[in-house]
Amino acid sequence: MISVAEAKNIVQSQQVNWGTASIPLEKSMGEVLAEDIKADRDFPPFDRVTMDGIALSFDAFNAGEREFKIQEVQLAGVPATNLKGREFAIEIMTGAILSVGCDLIIRYEDLEFYEKGSEKWVKINLDEADRWKNVHRQGSDQEKGELLIAKGVVVTAAEVAIIATVGHHEVCVNKKPNVAIVSTGDELVDVEKEPLAHQIRKSNSVAIQSSLNQLKVPNKCFHLLDDKEELRNKINAILNDFDVVLLSGGVSKGKADYLPEILEELGVEKLFHKVAQRPGKPFWFGADKSGKQVFAFPGNPISTYMCFRIYFIPWLEHNLGRQVEVRTAVLKEDVIFKPDLGYFLQVRSEIGNNDLIEVYPETGNGSGDLANLAKSDAFLYLPPGEQLYKSGNSYEYYSFDISSLA
Ligand code: AMP
Ligand code: MG
């Protein structure tokens with residue numbers, strides 16, 4: 001039996017590239033960029049006016065001139081006008097290109113307008129101003145060709161805005177694998193069915209599917225009976241059609257736990273079976289010759305969910321080119337755990353002093369106690385080798401909430 005650390009290493013060392021795809025920009029939220037985004041022009045692309053007011057010559061202002069004749073009005077979205085001489089000012093609006101011959105904007109708040117016959121004049125009530133005041137100079141943020149977003153970044157609405165402004169209506173992102181979710185077991189019935197006394201409803205596949213949908217990973221659910229022939233044929237077909245297979249159930253020591261044997265028969269090489277952990281000890285992991293991964297999780301809902309969260313999610317993120325750091329949290333009650341196994345303790349989290357995550361054990365009745373998942377919101381990993389895990393110590397923390405990855 002291997003340790004949690006070894007199992008994680010083996011899983012993470014499975015490097016896969018699912019290729020890239022061009023997708024519409026508005027569908028790219030949460031995807032990982034597979035291309036660098038560069039400035040297609042200067043940022044800003046022209047000397048941009050940042051206040052409604054007047055444009056004028058700084059030299060005139062600096063020489064003490066405070067009254068100017070209004071030459072014309074220039075709105076945003078029209079080509080630059082030309083200042084006819086330093087005795088003139090142009091009324092100008094935010095977002096407009098700066099008029100030629102002007103290098104100062106004075107805002108309306110500092111102006112008084114008046115009329116001389118049919119002429120419009122302005123008086124400036126301001127003692128001092130610097131050249132280029134209220135002008136966002138061309139190229140002052142970024143120059144044309146500069147890198148704005150490097151590949152590997154996860155797209156949020158902020159990146160969408162930047163990508164849009166450089167004119168990409170499509171964007172190249174890392175493709176996600178097509179995942180088969182396969183539950184196994186004769187005792188399982190569909191969610192909408194009324195189970196008989198000896199039956200239970202399938203919950204593992206829906207939980208995994210919901211997480212994959214949240215991460216926008218294409219997926220499909222299957223259910224197979226504990227029948228060697230059915231398992232062999234269907235898993236073979238599924239391996240052909242999907243990039244990754246997530247199985248649940250059928251990997252323990254039971255008489256109907258056929259999966260390890262069948263997977264090897266189908267040419268899926270076992271990379272490990274059994275991890276020194278609780279829950280999820282019987283976890284089986286392998287890959288076939290074409291480099292497709294099979295995660296066979298023990299069927300207990302908490303084991304399935306834990307293995308999916310601890311092993312599959314970080315592996316997926318890694319292969320999509322995302323760096324996700326493992327967080328830590330402070331244990332707030334002593335925990336005694338004697339078996340020589342890594343323990344994924346279910347915990348309830350609070351935000352403590354200094355924004356540290358503080359967690360309280362919510363152990364429930366073990367890996368069969370599905371309802372207890374609702375009381376907890378994360379796993380805290382207590383590594384083997386100790387028996388008393390003391391309040392105040394920090395350990396690796398795995399939130400159930402994966403929305404920050406989505
Ligand atoms: P197994 O790993 O097949 O021995 O299953 C362990 C336990 O988990 C059994 O009590 C199963 O009934 C239960 N189980 C297996 N698969 C599922 C599933 N998809 N949804 C809910 N419970 C399951
Ligand atoms: Mg089973």
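The values are calculated or read from the model by the stated rules, or taken from the named source; none is laboratory data. Since the model is a prediction, treat every value here as computed from it, not as a measurement. Backbone-built Cβ (ideal geometry, glycine too); neighbour counts: all protein chains shown.
Assessment of region 257-280 against the conditions (within 16 Å of ligand 2 (Cβ to nearest atom), assigned by TED's automatic domain parsing to the domain that holds E229 and among the acidic types (D, E)) yields at least one matching residue. Exactly one residue out of E35, E91, E65 is surrounded by 15 or more Cβ atoms within 10 Å (Cβ to Cβ) and either at pLDDT below 95 or not assigned by TED's automatic domain parsing to the domain that holds V122 (or both): that is E35.
Here's the yes/no breakdown for (1) within 11 Å of ligand 1 (Cβ to nearest atom); (2) assigned by TED's automatic domain parsing to the domain that holds H223; (3) out of contact with any Phe, Trp or Tyr (no Cβ under 7 Å at 6 or more places or on another chain):
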{"site": "A157", "(1), (2), (3)": "no, no, yes"}
{"site": "V160", "(1), (2), (3)": "no, no, yes"}
{"site": "G167", "(1), (2), (3)": "no, no, yes"}
{"site": "D186", "(1), (2), (3)": "yes, yes, yes"}
{"site": "E192", "(1), (2), (3)": "no, yes, yes"}
{"site": "S203", "(1), (2), (3)": "yes, yes, yes"}
{"site": "I208", "(1), (2), (3)": "yes, yes, no"}
{"site": "L212", "(1), (2), (3)": "no, yes, yes"}
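Looking at G392, G368, just one residue is of a type in the set (G, A, S) and at pLDDT below 95, and that residue is G368.
Residue under question is S183, and the condition is that it be outside any strand (DSSP E or B), of a type in the set (S, T, Y) and over 26 Å from T50 (Cβ atoms); does it hold? Lay out the reasoning, then the answer.
On the way: outside any strand (DSSP E or B): no; of a type in the set (S, T, Y): yes; over 26 Å from T50 (Cβ atoms): yes.
Considered against the rule, which asks whether it is outside any strand (DSSP E or B), of a type in the set (S, T, Y) and over 26 Å from T50 (Cβ atoms), S183 comes out as no.
If only residues of region 290-306 that are among the small types (G, A, S) and farther than 18 Å from Q12 by Cα are counted, the one that is farthest from ligand 2 (Cβ to nearest atom) is S303. The residues of region 175-191 that are aliphatic (A, V, I, L, M), more than 30 Å from R322 (Cα to Cα) and within 15 Å of ligand 2 (Cβ to nearest atom), listed by number, are L188, V189.
Name the residues in region 192-233 that are away from ligand 2 (no atom under 13 Å from the Cβ), closer than 22 Å to S303 by Cβ and among the polar types (S, T, N, Q), would you? Once the filter is applied, which keeps residues that are away from ligand 2 (no atom under 13 Å from the Cβ), closer than 22 Å to S303 by Cβ and among the polar types (S, T, N, Q), region 192-233 yields S203, S205, Q209, S210, S211, N213, Q214, N219. Answer yes if at least one residue in region 110-121 is modelled with pLDDT of 95 or more, in a loop (DSSP other than H, G, I, E, B) and surrounded by 13 or more Cβ atoms within 10 Å (Cβ to Cβ), and no otherwise. No, because not a single residue in region 110-121 is modelled with pLDDT of 95 or more, in a loop (DSSP other than H, G, I, E, B) and surrounded by 13 or more Cβ atoms within 10 Å (Cβ to Cβ).
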